[in-house]
Structures are given as C-alpha cells and as structure tokens.
Amino acid sequence: MFALAFFFIGVIAYMDRANISYIAKQMMDDLGMTKPQFGLLASFFSLGYALMQVPSGMLAEKFGPRKMITIALVWWSAFTILTGMIKNHGLIYLVRFLFGVGEGANVPF
C-alpha cells in the first residue's frame, strides 16, 4: 500500500512539473513575459529542486520518510496554488523556486 501511494505521488509530481508548459502561451500573455523569461521558470524550479536534494535526505533520516513526504506534498501543493494567483512575472520566479524546493523533498530516500 505504501509503495502504491508513493507511485501515485510520483505521478502527480511529474504531472505537476509539466502542467505549466500546457499554459505557457496564456501565462506569458497574462503576465507580459517573453519566451526567455518564461524559460527561466524552469531554471528557478530546477535550482530549488537541486538545492533541496541533500537536505531533504537528511531530514527524512531524522524525521522519517512518511513525515517528509507529507510536508513535501503540502508545501508543493501550496506553491502550485500560489502559481495560479500571481499577477506579475517577478514574483513567479520566487514561487517556482519554492515549488522546486517542495518537489525536491518529494523522494528523499
């Protein structure tokens, strides 16, 4: 059961990472972004994701994988919601970075 839950969490995580590409045109129009600016969103996400890999593993050892994955799910869900609420493109870089931090903790073990 635990493995099945992690499988579905992984599927949701990958879908969540990719969903921004489906609304790229509308998001660029809405926020007044250029293609290079939109491309930076992936870089900010990847930076947060990469920086959290080692710390999340250490935290999972300390607190356990179940608690860590729960925190990661809540964290990245909150920043997914915030992504849709952003009204200027400057703030979305921070939100995507923090979203990456949450996703980086997704599979810390």
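See the values below:
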read-out	value
Test: residue in the stretch 50-65 that is modelled with pLDDT under 85 and part of a helix (DSSP H, G or I)	yes
The stretch 50-109, residues that are without any contact (Cβ under 8 Å) to a residue 12 or more places away in the chain and of a type in the set (Phe, Trp, Tyr)	63
Extreme residue, farthest from the chain's Cα centre (by Cα), among residues of the stretch 15-73 that are surrounded by fewer than 16 Cβ atoms within 10 Å (Cβ to Cβ) and basic (Lys, Arg)	62
Test: residue in the stretch 21-39 that is part of a helix (DSSP H, G or I), out of contact with any Pro (no Cβ under 6 Å at 6 or more places or on another chain), within 24 Å of residue 70 (Cα to Cα) and not β-branched (Val, Ile, Thr)	no
Close pairs (9 angstrom Cβ cut-off, 6 or more residues apart or separate chains): touching a residue at least 40 places away in the same chain (Cβ under 8 Å) in the stretch 17-36, surrounded by 14 or more Cβ atoms within 10 Å (Cβ to Cβ) and basic (Lys, Arg) anywhere	20/96
Selection count where residues are crowded, with 23+ Cβ neighbours inside 10 Å, closer than 24 Å to residue 7 by Cβ and at pLDDT 90 or above, scope the stretch 75-99	1
Matching residues in the stretch 14-37 - criterion: being under 18 Å from residue 95 (Cα atoms) and of a type in the set (Asp, Glu)	16, 30
Which numbered condition residue 96 misses (of (1) assigned to a helix (DSSP H, G or I); (2) of a type in the set (Lys, Arg); (3) over 9 Å from the mean Cα position of the chain (by Cα))	(3)
Checking residue 8 against (1) modelled with pLDDT of 90 or more; (2) surrounded by fewer than 11 Cβ atoms within 10 Å (Cβ to Cβ), the condition it does not meet	(1)
Where residue 3 falls short, out of the listed (1) surrounded by 11 or more Cβ atoms within 10 Å (Cβ to Cβ); (2) among the aliphatic types (A, V, I, L, M); (3) free of Cβ contacts under 8 Å to residues at least 40 places away in the same chain	(1)
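This table checks each residue for (1) over 16 Å from residue 90 (Cα atoms); (2) among the aromatic types (Phe, Trp, Tyr).
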residue	(1), (2)
9	yes, no
12	yes, no
39	no, no
49	yes, yes
52	yes, no
63	yes, yes
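The values are calculated or read from the model by the stated rules, or taken from the named source; none is laboratory data. Just so you know, these numbers come straight off a predicted model, no measurement behind them. FYI the Cβ positions are ideal-geometry reconstructions off the backbone, even for glycines, and counts take in every protein chain you see.
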